[in-house]
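Please read the structure below before turning to the comments.
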Amino acid sequence: MWKIKQSIKNLVKPCFNRIVEKDYRSYQPILRAFKDIHKGERCFIIGTGPSLNKTDLSLIKDEIIFGVNTLYKGLDKFNIGCNYYALSDPVVWKNYAENILNLNSVVFLSSGAAQRYLFKKKFLRKFRDKKPILIKTLSFEMWSSGSFSKDLSLGVYGGDTIIIDICLQAAYYMGFKKVYLLGCDCDYSGFHRFD
């Protein structure tokens, strides 16, 4: 039985990969429109770390903001909105896709979240006018190879955190001169979320 399952998987996987590659290519013209769109400006990338509880984010409410993962739960609390929202975690996407698609933000998906979207996009038809923008993950070798994408339309390199997976590479591509990180606490020893 195992051999049959493996044989089917070996037949289906190449077909699926071709379909997925075509889907990713369809987003390239959309992604190219973001090249240098914010040239010389500054942005704030906001993680979900507990330090957000001690930060007055209303001071940046009129700035260009990238939000990630479950930050949407705190947008009202922190009195901010996000221009851009990024997600690569398939579990977060599975559990909160509708909430994230309801945001007034450009939503970028890569890695597992993008793949999950491709599997389930027919079930998200009620969000036709709020489709996320998919970005191909080129590899997960960022740390070992020192790779960093300078062309979002070709894809991003996975860096084990959404801040690196999409946000920093997107900010570079969009032309931001200054990028500030808030709530990126890099500490998983205790509570690692603001909520």
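Worth a mention:
- Among the residues of the stretch 32-81, those identified as charged (D, E, K, R) and either more than 21 Å from N99 (Cβ to Cβ) or under 19 Å from the mean Cα position of the chain (by Cα) (or both) are R32, K35, D36, K39, E41, R42, K54, D56, D62, E63, K73.
- Residue within the stretch 120-140 that is modelled with pLDDT under 85, loosely packed, with under 15 Cβ neighbours inside 10 Å, assigned to a helix (DSSP H, G or I) and of a type in the set (G, A, S) present: no
- D89 vs. criteria acidic (D, E) and over 13 Å from the mean Cα position of the chain (by Cα): no
- Scanning the stretch 10-45 for residues that are of a type in the set (K, R) and either at pLDDT below 90 or touching a helix residue (DSSP H, G or I) at 6+ places or on another chain (Cβ under 7 Å) (or both) yields a count of 5.
- T48 being out of contact with any Gly (no Cβ under 9 Å at 6 or more places or on another chain), at pLDDT below 95, under 26 Å from G158 (Cβ atoms) and of a type in the set (S, T, N, Q): no
- Residue match in the stretch 143-161 (condition: modelled with pLDDT under 90, touching an Asp or Glu at 6+ places or on another chain (Cβ under 8 Å) and surrounded by fewer than 19 Cβ atoms within 10 Å (Cβ to Cβ)): yes
- Residue list for the stretch 36-60, restricted to those being surrounded by 14 or more Cβ atoms within 10 Å (Cβ to Cβ) and of a type in the set (K, R): R42
- Any hit, the stretch 63-85, residues being at pLDDT below 95, closer than 22 Å to K177 by Cα and either among the basic types (K, R) or surrounded by 20 or more Cβ atoms within 10 Å (Cβ to Cβ) (or both): no
- Verdict on S88 being touching a Gly at 6+ places or on another chain (Cβ under 7 Å), buried (at least 19 other Cβ atoms within 10 Å of the Cβ), within 24 Å of G155 (Cα to Cα) and at pLDDT below 90: no
The values are calculated or read from the model by the stated rules, or taken from the named source; none is laboratory data. Source: prediction; values computed, not measured. Please note: Cβ atoms are built from the backbone with ideal geometry, for glycine as well, and neighbour counts cover all protein chains shown.
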